[in-house]
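All remarks here apply to the structure that follows.
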Amino acid sequence: MRSSRFALAALAAGCGFASIAEAQSINIDFGFEGSTPSSAFGGPASSPGFWNTIEGGFEPSYALRDLSGNLTGATVESTLFFNGSTNNPRPETAGNPEHAALLDDFIYCNADTQGELLFLGLEDGEYDLTVTAILVGHPDQPTQVTWLSNDFGEFLDDITGDGAYSGGWEPGVTHATFRVPVVNGELHVFANGIFNFETESFGNLNGLQLVRVPAPGSLALLASGSLLALRRRRHA
């Protein structure tokens, strides 16, 4: 009986953690309405759920929805040099409609400028930030992705799109992932092309995923709360 109570508590804690993470996690597809992945698609972050669609030539800001499609109170805006959206259907993605929905369209900026996304109103804490940036069919046009937290403690970058699309997710080729802190609800994400004398290089972003990382001890707290509730029910 005791082991079954612990199993129930663990299950309740797991469900509680999943609901917390889902409410604070966000998927974005950059491109055009009507070409968005389905909610069953998890992308390179393996985080299925609702996909926000954001077109280039930004409006002042976009209200963001979580994986369940509920408004989060967070917004994103482009503050620097994203020119617009482009559609680039490719034979490489034709056999995978979900990959095509994410990868065939994107927002872009020139190689000599840097596009910026400014997130406001996020819940403070740590997130796994996954940025999908690959120009399928053009492995010679990589994108440099940089993030900056509001605490200005770190300024880290990575290169993605540097290689040919093989049909799957490959860090450095299809996407880059960072563990980022959000302070005072603010996060900056930058992108720019890597200049290439032989091509008209530009930077592009296909998608972005934010997955909330549970705070240390939060899972244990959920488990202990679930055990307490079970004990009270037993003695009621």
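The values are calculated or read from the model by the stated rules, or taken from the named source; none is laboratory data. Nothing here was measured: the structure is a model prediction, and the numbers come from that model. Cβ coordinates were reconstructed from backbone atoms using ideal geometry, including for glycine residues, and neighbour counts include every protein chain displayed.
Details
- Residue 56 vs. criteria at pLDDT below 80, surrounded by 18 or more Cβ atoms within 10 Å (Cβ to Cβ) and not in a strand (DSSP E or B): yes
- One residue from 157, 124 being in contact with a Ser or Thr (Cβ under 9 Å, 6 or more places away or on another chain) and either surrounded by fewer than 21 Cβ atoms within 10 Å (Cβ to Cβ) or modelled with pLDDT under 80 (or both): 157
- The residue of the stretch 86-103 that is farthest from residue 207 (Cα to Cα), among those that are crowded, with 17+ Cβ neighbours inside 10 Å and of a type in the set (A, V, I, L, M, F, W, C), is 100.
- Residue in the stretch 183-202 that is surrounded by 15 or more Cβ atoms within 10 Å (Cβ to Cβ), modelled with pLDDT under 60 and hydrophobic (A, V, I, L, M, F, W, C) present: no
- The numbered conditions (1) part of a loop (DSSP other than H, G, I, E, B); (2) modelled with pLDDT of 90 or more are all true for residue 131 except (1).
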